[in-house]
């Protein structure tokens, strides 16, 4: 028990560290004059979201309401959460709530005022994020009971945030002069440092979602490592073939795209399958990022191409590749390749509804 609690608390700290990592990742990609605003937008999520989560967000996302769509107010203000296991789980989930809206900030870089962002984050966290988390992970949640799989937040976090990002860029419109004038990143070392911090924190993000120091956590940890590496290499190969060179931002983007894709599957697939997740995500997300120019939406830092598309890729691949025999202690519905055809439909349905709702 103590070992499990220690691992969950450690994982919470790792996920928390991802927020400043994301701030560096995004902050390095914007123009110098907008870097501080991007840092502020990310750090604001560490300030306001815990307040919202403590007061009512956690209760709406996990309350024992018996409903399939939303929790209740039974644990408002952390009512009744006093034991070590409950506190550790609460802290871990709170860090997820912090980083999810922070992901959205990259899509609106150079356009959204900080004052507007201050209002958007708490409202979105309550109205969109909390219900979706309940659907996916609540004992009575409709997605949880389909069942559809989402080990660490591919649908609840990445598809959710990516769809919200797409909605925001459509509403806000294009930056002046885009796409003819594309602002150059002002600090590429920040981008690579941020990507490294994100990869480091992602071990807590994925392996910590086992909520125990067990075989499932170990499998998720290994899968996270393999997928990230495969995604980087795949992105680099495609970029080299298309442009004749490799970019630092491309390497970082390949890692993040792969980590997004393995997130829903980290504890549901074997090690070699994680290689497939990472490689396909690196390839598909490369072209998804390019697609914004064809479709005309100004996604400043490619949140849609990496997080929305990466989350969809991971969720759908999981419908094919979920394999309970490949995971220590695995006890879940298998994917199409292992005799569980209904899972693929459930994955597609859950992804579509979450994306549409967000």
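Derivation of every value follows stated rules applied to the coordinates shown; laboratory data play no part. Just so it is clear, the model here is predicted, and its values are computed rather than measured. With ideal geometry, Cβ positions are generated from the backbone for all residues, glycine too; neighbour counts draw on all protein chains shown.
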- [ ] Can you grab the distance from the C-alpha centre of region 1-65 to the C-alpha centre of region 92-112, Å, no decimals?
- [x] 8 Å
- [ ] Only one of the values (1) 32, 60, 7; (2) 26, 54, 19, 0; (3) 22, 33, 28, 16, 1 was calculated from this structure for P(r) over Cα pairs in 20 Å bins from 0, in percent; name its label.
- [x] (1)
TODO: Could you compute the FRET efficiency for residue 127 and residue 241, with r as their C-beta to C-beta distance and R0 at 30 Å, rounded to 0.05?
DONE: 0.10
Task: Least to most buried among 193, 344 (fewest other Cβ within 10 Å first) - done: 193, 344
- [ ] Counting other beta carbons within 10 Å of each Cβ, put 137, 129 in order, fewest first.
- [x] 137, 129
TODO: Give the order of 309, 260 when sorted by the count of other beta carbons within 10 angstrom, beginning with the fewest.
DONE: 309, 260
- [ ] Counting only C-alpha contacts under 8 Å and six or more residues apart, can you give the relative contact order of region 2-357 as a whole percent?
- [x] 21 percent
Task: Rough spin-label spacing in nm, given labels placed 7 Å along Cα→Cβ, for residue 187 and residue 33 - done: 1.8 nm
Open item on the list: If you average the alpha carbon positions of region 119-182 and of region 276-326, how far apart do those two centres end up, in angstrom?
Closed with: 15 Å
- [ ] Kindly state, to the nearest 0.05, the FRET efficiency for residue 290 paired with residue 170, given R0 = 25 Å and r defined as their beta-carbon distance.
- [x] 0.85
